[in-house]
Each structure stands twice: as C-alpha cells, then as structure tokens.
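Below is one structure, written out as structure tokens; the observations come after it.
Each reported figure results from applying straightforward, stated rules to the coordinates on display, with no laboratory input. Only a predicted model underlies this, so the values are computations on that prediction, with no experimental measurement involved. All Cβ positions, glycine included, derive from the backbone under ideal geometry; neighbour counts span all protein chains shown.
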Amino acid sequence: MSILLFGVSHRSAPVSVLEQLSIDESEQVKIVDKVLESPLVTEAMVLSTCNRVEVYAVVEAFHGGLSVIGQVLSEHSGMSMGDLTRHAYVRYSEAAVEHLFAVASGLDSAVIGEQQVLGQVRRSYAAAEANRSVGRVLHELAQRALSVGKRVHSETGIDAAGASVVSVALGIAERHLGGLEAKTAVVVGAGAMGALSSAHLTRAGIGRIRVLNRSLPRAQRLAGKVRGAGVPAEVMRLDRLAEALSDADVVVSCTGAVSPVVSLADVHHALAQARRDEETQPLVICDLGMPRDVDPAVAGLPGVWVVDVDRVQHEPSAHATAADVDAARHIVAAEVAAYLVGQRMAEVTPTVTALRQRAAEVVEAELLRLENRLPGLERAEREEVARTVRRVVDKLLHAPTVRIKQLASAPGGDSYAEALRELFELDQTAINSVAAVATAGELPAVSSGFDAGMHPGDLPHDRNPFGE
C-alpha cells in the first residue's frame with residue numbers, strides 16, 4: 001500500500017490559511033499534472049472544498065512523494081514549506097484510507113454528517129479520472145470511499161437533522177432576524193451552494209430573493225426556479241450589489257471567487273442609503289465562500305452580523321449525536337479492514353496466477369517431450385496421460401495457493417507474495433504483465449448522474465426543490 005495523503009483542513013488551519021491554499025476546479029488539473037511530473041508519483045487526485053485541500057497520491061517512496069506534493073502546494077499558495085507544514089497533516093497507507101472513508105462519511109466535516117462532501121469526493125474523482133491521473137489504486141480507493149459514505153448515510157442517523165453549512169448558517173440568521181418569513185434575501189452566486197441556499201430560504205417562507213451572479217444566464221435560471229416555487233425573484237448584476245443590499249435582511253454569498261465580492265464600501269453604502277435602524281433592521285450576511293466572499297471589515301459595522309464557516313462549525317446544530325457518530329465510525333472501521341484485506345489479496349493474486357501459468361507451461365513442455373519420445377502412443381492414451389499430469393499439478397498447487405491467499409489477507413501479508421516469487425523463481429516481468437491485464441478493464445467511465453451522493457440536493461434530508 002503506497003497511498004499518501006497531504007492535507008490542510010478546518011481542523012488544522014485557520015480560514016486565512018485555507019484561503020491561501022484554495023484550489024478551484026481549473027487549478028486542480030494543474031496541481032495534479034505538476035505532482036505527476038515527478039517519477040516518484042504515479043497517481044494523484046485533489047479534493048478541494050470550502051473546508052479542506054487534500055492531495056491523494058500513489059507514491060514510490062514516502063519521503064520523496066511528501067516532498068513533491070508539499071513543494072507543489074507551497075508554490076501554488078505562496079506559503080513557505082515551514083508555514084505550510086505547520087498547518088498540514090499527513091496520512092500514509094492504511095491511515096490515508098481511513099481518513100478518506102471518514103471524509104466521505106461526513107465525519108470530518110465542519111457540520112458532522114453533512115452530505116455535500118460525498119458529492120465533492122465524487123466530483124474530485126471524476127475530474128482526476130477525466131485527466132487520466134488515477135490508476136487502479138486510486139480508482140478502487142475512491143469508489144470504495146463513495147460506497148462507504150453512502151452506507152453511513154443510509155444505515156445511521158448521522159444526517160437525521162439534515163444539517164449542512166447552508167442550513168446551519170441560515171438557522172443562525174433566522175434567530176437573529178426573528179424568522180425569515182416575508183423577509184428579503186440576496187443570494188450572491190448561482191452555483192450549487194446558491195441553489196441550495198435559495199431552496200432553504202424558500203422553505204423558510206422568505207418574501208423575495210435577488211440573485212446576483214457573474215453569469216446572468218445562470219442567475220436567470222436559478223431565479224426562474226425560485227419563481228416556480230412561488231417566491232418572487234429578480235436578477236441583478238454584481239455591480240449593483242450595493243443597491244441589492246439596501247433593503248436586504250439576509251445575504252448568502254458563495255461564489256468561489258479568489259477575492260472578496262462583498263466589500264466594506266458596498267455594505268456601508270447600502271446601509272447609509274437605506275437609513276436602516278440597526279436595532280430593528282439588522283443585516284445578516286452568511287459568508288460561505290472559500291476564499292471568503294465578504295471583506296472581514298464588514299463584521300465591524302453596526303447592525304451587521306457576519307456568519308462564516310468558523311461560526312457554523314461551533315453551532316450546536318452542526319454536531320450529530322454521539323451514538324450516531326459512534327455507529328458511523330464502526331462502519332468506517334469495518335470497511336477499512338475489509339478494503340485492506342481485499343487489497344492485500346489483490347496484490348498476491350498476480351503472483352499466484354503467474355505461478356499457475358508457469359506450471360501450465362511446464363506441463364505442456366513435458367507432454368510435448370513425451371510425445372516426441374513415444375510417438376506411437378494412441379490418442380486416447382496421450383489424452384489420459386495429459387489429464388493425469390494436469391490433475392497432479394493442480395492438486396499440488398491447490399492447497400498452497402489457497403493458503404497463501406488466506407495468509408496474504410492478514411497484516412504484513414504482502415511478504416508471502418515475495419516468498420512465492422523466490423521459491424518458484426517467478427519472473428517479475430511476467431507477474432507485472434498479469435497485473436496489467438487484470439487492471440485493463442477495471443476503470444469504468446464515471447457517470448454524470450447521481451449514484452453515490454453526487455449532489456446534496458438529491459439527498460433525502462437536504463432536498464433541493466430546484467434540482468441544481
């Protein structure tokens with residue numbers, strides 16, 4: 001097992017560090033390609049969300065692979081290696097497997113049990129597969145992680161509250177405003193998070209929604225779905241943000257932009273223009289972007305409440321019950337053990353197959369020699385001899401090959417494959433050829449549809465009526 005994880009998340013670093021490391025979809029390919037330039041890395045995948053940046057790689061050497069990934073992320077973020085490693089965590093082999101399974105299950109999220117991360121894992125894998133940067137190891141790891149995440153959500157109550165970063169943030173806003181009924185909301189960003197925010201606002205009885213986005217057609221599509229759900233909605237350009245904020249009660253910003261979209265000047269101008277009573281007309285701004293969408297100075301304005309990801313993860317509703325978390329962890333532990341057994345057995349299989357092929361070649365060579373030495377044997381006699389020889393060889397090989405697979409499934413089992421190679425003088429080239437043939441048909445295309453939590457809106461406890 002040579003899987004290496006290098007990551008930084010909300011658990012190891014402040015938001016400012018996560019902002020520096022933030023990787024959008026277009027940059028993921030560049031990061032992976034840069035990592036793969038090293039001969040020490042054979043497969044790579046980037047998982048980047050609002051709460052984490054993680055690189056999963058298959059490496060030839062632990063320290064060499066770690067250095068390569070760290071250097072690439074250091075160059076991308078502009079951080080020194082010292083500053084980067086101060087906030088990073090590293091997992092190798094079994095620990096890397098366990099971590100990804102926990103992430104896909106929502107156990108490592110800011111909102112424990114949230115379902116969106118499952119779709120984010122799948123999209124990250126799909127992007128890496130499209131870029132041909134994953135092989136057998138990461139393919140099997142990612143597919144199993146998706147399966148584990150889906151199992152945890154279906155077999156435990158870890159997501160019973162339907163919590164997500166969006167729902168928790170808007171729950172805080174609702175408390176500050178005394179409810180969202182008949183209020184005015186501004187949604188900045190018309191992507192998946194914007195659609196999910198609009199869905200929550202609609203269910204909460206919001207009076208009207210303004211949608212702002214760099215791409216007007218996308219904003220218009222979202223606004224159309226909002227109107228279809230019975231809530232008045234209009235589209236405005238981003239350069240009219242101050243105007244949109246002038247009579248807003250709640251703002252949700254989730255654009256994924258690399259610099260703040262909601263500036264201090266915009267909010268200050270909007271408040272002054274509306275002559276709001278800060279006591280009776282507070283403005284709640286939910287900053288769900290990574291990097292942050294809202295200028296930090298906005299939080300200092302009177303009458304303005306800023307709810308960011310840090311605030312969300314400290315909210316009681318962001319935490320699942322201890323019993324559900326324990327149940328999820330037991331599933332993850334069992335799945336990790338089963339996955340590792342399967343991987344160890346898979347590693348010895350090409351060696352066993354090569355041994356049987358070698359035995360078959362020896363049998364055929366000896367039968368040919370027998371035919372040359374005894375050309376007068378009748379056909380029936382030759383066939384009976386051939387069957388007898390093959391049965392003898394099969395019986396001799398059956399017990400050791402079955403037993404070696406059993407032994408290989410235990411920790412440290414990879415040493416048995418090496419012993420088999422030595423005992424029977426098997427050619428490593430032949431073993432690699434067997435493994436290559438076995439792997440050739442194992443990478444099915446990723447479907448674009450939902451089959452393992454692809455999109456948070458399709459999940460039962462966080463349903464998005466707009467279908468984004």
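Simple spin-label estimate for Val392 and Leu423 gives 2.0 nm between the two label positions (7 Å along the Cα-to-Cβ direction from each Cα).
Over segment 164-316, Cα pairs under 8 Å with separation of 6+ residues give a relative contact order of 24 percent.
In segment 1-160, Rg over Rh equals 0.94, where Rg is the alpha-carbon radius of gyration and Rh the Kirkwood radius from pairwise Cα distances. Here the extension length gained between Ala322 and Asp310 equals 2.2 nm, from 0.36 nm per residue of separation less the Cα-Cα distance. For segment 85-159 versus segment 345-381, the spacing of their alpha-carbon centroids is 45 Å. For segment 55-141, the set of trypsin sites (Lys or Arg not before Pro) satisfying both a DSSP loop assignment and a count of at most 15 other C-beta atoms within 10 Å is given as Arg132. Model label points for Ser93 and Leu374, set 7 angstrom from Cα along the Cα-to-Cβ axis, are 5.2 nm apart. With contacts taken as Cα pairs under 8 Å at a separation of at least 6 residues, the chain carries a relative contact order of 16 percent. Pairwise Cα distances in segment 164-316 exceed 26 Å for 14 percent of all pairs. Amide H contacts under 5 Å for Val251: Val186, Val284, Ile285, Cys286, restricted to partners 5 or more places along the chain or on a different chain, H placed in the peptide plane at 1.01 Å from N.
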